[in-house]
Amino acid sequence: MKKVLIRNQNYKKKKKINTNQNKNDDSSEKKKKNNNNLLKGDFNGQSKKKKIQKIDTVYQKLKERKKKNQKQEEQTDSFIEKKKKKRQNMENEYRNKVERIEHLKQDSKLAQLLCHDIKKKKNEINKLLMDLNQLQKKKSQMEQKISESRQKEKKKKYLTDHVMKKQNLIRKKKNEISIKKRNLEKRREKKKKMEIDSQLFNERVQHIESQVDKIMRLTNDKLEKKKKESLEMTKSLQSMNKKKKKKSIEQMSDNSTEIKKKKSTLF
């Protein structure tokens, strides 16, 4: 379009020069020729005015075409900016979803660590149960010894002091056993609580894993859709650019043909 405007400006300058030369020629001819020649000069002036009017109409048409092309370029630029903004928003959404998936992965790792701790505590509880069984065996052994000692007491009364000491020891051990029983009951209650907590935790982990799977599926589906949309956008942009190039080439050819026609009419 810039080239067309420059050509039109040069054409106007040439037109002014030619009009001035024609005026000088007419003034010299007027002095020499008669009234008939003056009438012929008026007729030529009218034909030149018509040509100038045609040139002005062509120039106005070129201006209108230029405005239309500018509007089309503005529309395409606005369309490209909208698509760029949409693409940026899609990229931001994708980044947020990736961050969310990473957080969920971290939560799953913490869940695995908690499961490992629960297994350790279960092993400790099993060890305590083994100790309890050993204590029960010792208790049975002690009871047998007590029964034997009682029988010996009946037979041997002279060993009363020794027997009293043993009884005191037995009482102490019974107290210890009762304390251990209480502790074992407490540990059993803790074990039950731990099992309940572990069940709840496993349910929570399963729920989180299901959510993660759903989110991964949704993100994969959306990513595929966005890829397809981006490909369609690139194809549409390429087609728009090709159409623009074709239109500009056609306009240049049309302008060059019109200018040649004008020159032929003038000269």
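Taking only pairs six or more apart or across chains, which ones have beta-carbon atoms under 6 Å, a first residue in region 182-197 that is of a type outside the set (D, E, K, R), and a second residue that is in a helix (DSSP H, G or I)?
Leu184/Leu132; Met194/Lys121
Has region 20-43 got any residue that is surrounded by fewer than 11 Cβ atoms within 10 Å (Cβ to Cβ), part of a helix (DSSP H, G or I) and either modelled with pLDDT of 80 or more or within 60 Å of the chain's Cα centre (by Cα) (or both)?
No, there is no match, as no residue in region 20-43 is surrounded by fewer than 11 Cβ atoms within 10 Å (Cβ to Cβ), part of a helix (DSSP H, G or I) and either modelled with pLDDT of 80 or more or within 60 Å of the chain's Cα centre (by Cα) (or both).
So in region 108-128, with the set limited to residues that are free of Cβ contacts under 8 Å to residues at least 24 places away in the same chain and aliphatic (A, V, I, L, M), which one is nearest to Arg187 (Cα to Cα)?
Only one residue fits best here, namely Leu113.
State whether the residues of region 135-156 include one that is within 60 Å of the chain's Cα centre (by Cα), farther than 20 Å from Lys181 by Cα and in a helix (DSSP H, G or I).
no
For Asn92, state whether it is modelled with pLDDT of 50 or more and closer than 30 Å to Thr219 by Cβ.
Judged against the criteria, Asn92 is a match.
Pick from Glu258, Glu203, Glu229, Glu250: which is in a helix (DSSP H, G or I) and at pLDDT 80 or above?
Sole residue among the options that is in a helix (DSSP H, G or I) and at pLDDT 80 or above: Glu203.
Residue pairs, Cβ under 6 Å, 6 or more apart or interchain, first in region 220-237 and closer than 16 Å to Lys97 by Cβ, second of a type outside the set (Asp, Glu) and surrounded by 13 or more Cβ atoms within 10 Å (Cβ to Cβ). List them.
Final answer for the pair search is Lys226/Met90.
Quick grid of which residues meet (1) modelled with pLDDT under 85; (2) over 30 Å from Leu128 (Cα atoms); (3) surrounded by 13 or more Cβ atoms within 10 Å (Cβ to Cβ):
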{"position": "Ser149", "(1), (2), (3)": "yes, yes, yes"}
{"position": "Glu153", "(1), (2), (3)": "yes, yes, yes"}
{"position": "Lys166", "(1), (2), (3)": "yes, no, yes"}
{"position": "Glu185", "(1), (2), (3)": "no, no, no"}
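Among Asp131, Asp197, Asp161, which is the only one that is charged (D, E, K, R) and within 30 Å of Ile101 (Cα to Cα)?
Going through Asp131, Asp197, Asp161 in turn, the sole match is Asp197.
The values are calculated or read from the model by the stated rules, or taken from the named source; none is laboratory data. Since the model is a prediction, treat every value here as computed from it, not as a measurement. With ideal geometry, Cβ positions are generated from the backbone for all residues, glycine too; neighbour counts draw on all protein chains shown.
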